[in-house]
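Enquirer: Attaching a single structure in structure tokens format; questions to follow.
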Amino acid sequence: MRRKQVVIIGSGDDVINSSISYDIGRFIARNRWVLITGGRGGIMEAASRGAAEENGVVVGILPGTHPEDANAYCGIVIPTGVGYARNMINVLSGDVIIAIGGKSGTLSELAYSWHFRKPIILCTFAGGWSEKISHEPIDDRYRDLFLPASNLDEVFSHLKKILD
């Protein structure tokens, strides 16, 4: 039976929201879901560490060609060699997307998520694009895809509703 897959998106240099990402990664692993990230630092590394410490499955989908570029907590590393076009691969791999803060790379993943009609949990308490886009949807279609969360309990509740 296929395990549910959760993609966490956010900035590779964001350390301010690391504890949020870490806690979500732990929650994902405790529920036996698979964590997928872009495999690098910041939000991606903190979530990976949280999931790995709970013995969860952690997949890093890298923009480059070198597996050693992944953070130390990725148990499965997929080097794509396609640069930030890998953002589409990340999104397509998930049953649900969680946005934590984020910069331009996160914005592109949000747009892909929207286009491919993936449920998107927006951590509005983390700033960045996860907060900004909650106020202004991409267009007038698929308004039900954005699920704002103002705290971790709301993130966890959204995940349970979508994946259970």
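Enquirer: In the range 118-164, how many are surrounded by 13 or more Cβ atoms within 10 Å (Cβ to Cβ) and among the charged types (D, E, K, R)?
Expert: Looking only at that region, the number is 4.
Enquirer: Do we have any residue at all in the range 127-147 that's in contact with a strand residue (DSSP E or B) (Cβ under 8 Å, 6 or more places away or on another chain), at positive phi and outside any helix (DSSP H, G or I)?
Expert: The answer is no, given that none of the residues of the range 127-147 is in contact with a strand residue (DSSP E or B) (Cβ under 8 Å, 6 or more places away or on another chain), at positive phi and outside any helix (DSSP H, G or I).
Enquirer: Go through the residues of the range 136-156 one by one and say whether even a single one is in contact (Cβ under 8 Å) with a residue 40 or more places away in the chain and polar (S, T, N, Q).
Expert: No, that holds for no residue.
Enquirer: Could I ask something else about it? Quick check: anything in the range 91-98 of a type in the set (A, V, I, L, M), in a helix (DSSP H, G or I) and either over 20 Å from Ser113 (Cα atoms) or touching a His at 6+ places or on another chain (Cβ under 7 Å) (or both)?
Expert: No, the range 91-98 has no match at all.
Enquirer: Looking for something crowded, with 21+ Cβ neighbours inside 10 Å, in contact with a Gly (Cβ under 9 Å, 6 or more places away or on another chain) and on the phi > 0 side of the Ramachandran plot - is there at least one such residue anywhere in the range 31-40?
Expert: yes
Enquirer: State all residues of the range 27-72 that are part of a strand (DSSP E or B) and over 12 Å from the mean Cα position of the chain (by Cα); if no residue qualifies, say none.
Expert: Leu62
Enquirer: Ok, one more. If Gly127 meets every condition in (1) within 14 Å of Ile20 (Cα to Cα); (2) touching a Pro at 6+ places or on another chain (Cβ under 8 Å) apart from one, which number is that one?
Expert: Checking Gly127 against (1) within 14 Å of Ile20 (Cα to Cα); (2) touching a Pro at 6+ places or on another chain (Cβ under 8 Å), the one that fails is (2).
Enquirer: Oh, and also: If you go through the range 80-89 one residue at a time, do you hit one that is touching a Phe, Trp or Tyr at 6+ places or on another chain (Cβ under 9 Å) and either charged (D, E, K, R) or in contact (Cβ under 8 Å) with a residue 12 or more places away in the chain (or both)?
Expert: The answer is yes; a qualifying residue exists.
Enquirer: Checking the condition surrounded by fewer than 17 Cβ atoms within 10 Å (Cβ to Cβ) and under 24 Å from Phe146 (Cβ atoms), which residue from Ala72, Ala85, Ala47, Ala99 passes?
Expert: Ala85 is the lone residue from the list that is surrounded by fewer than 17 Cβ atoms within 10 Å (Cβ to Cβ) and under 24 Å from Phe146 (Cβ atoms).
Enquirer: Only residues that are part of a loop (DSSP other than H, G, I, E, B) and over 21 Å from Trp114 (Cα atoms): list them for the range 1-26, please.
Expert: Answer for the range 1-26, where residues must be part of a loop (DSSP other than H, G, I, E, B) and over 21 Å from Trp114 (Cα atoms): Met1, Arg2, Arg3, Gly12, Asp13, Asp14, Val15, Ile16, Asn17.
Computed from the coordinates by the stated procedures, all read-outs in this text should not be read as laboratory data. Since this is a predicted model, take the numbers as computed values, not measurements. Positions of Cβ are backbone-derived with ideal geometry, glycine not excepted, and every protein chain shown enters the neighbour counts.
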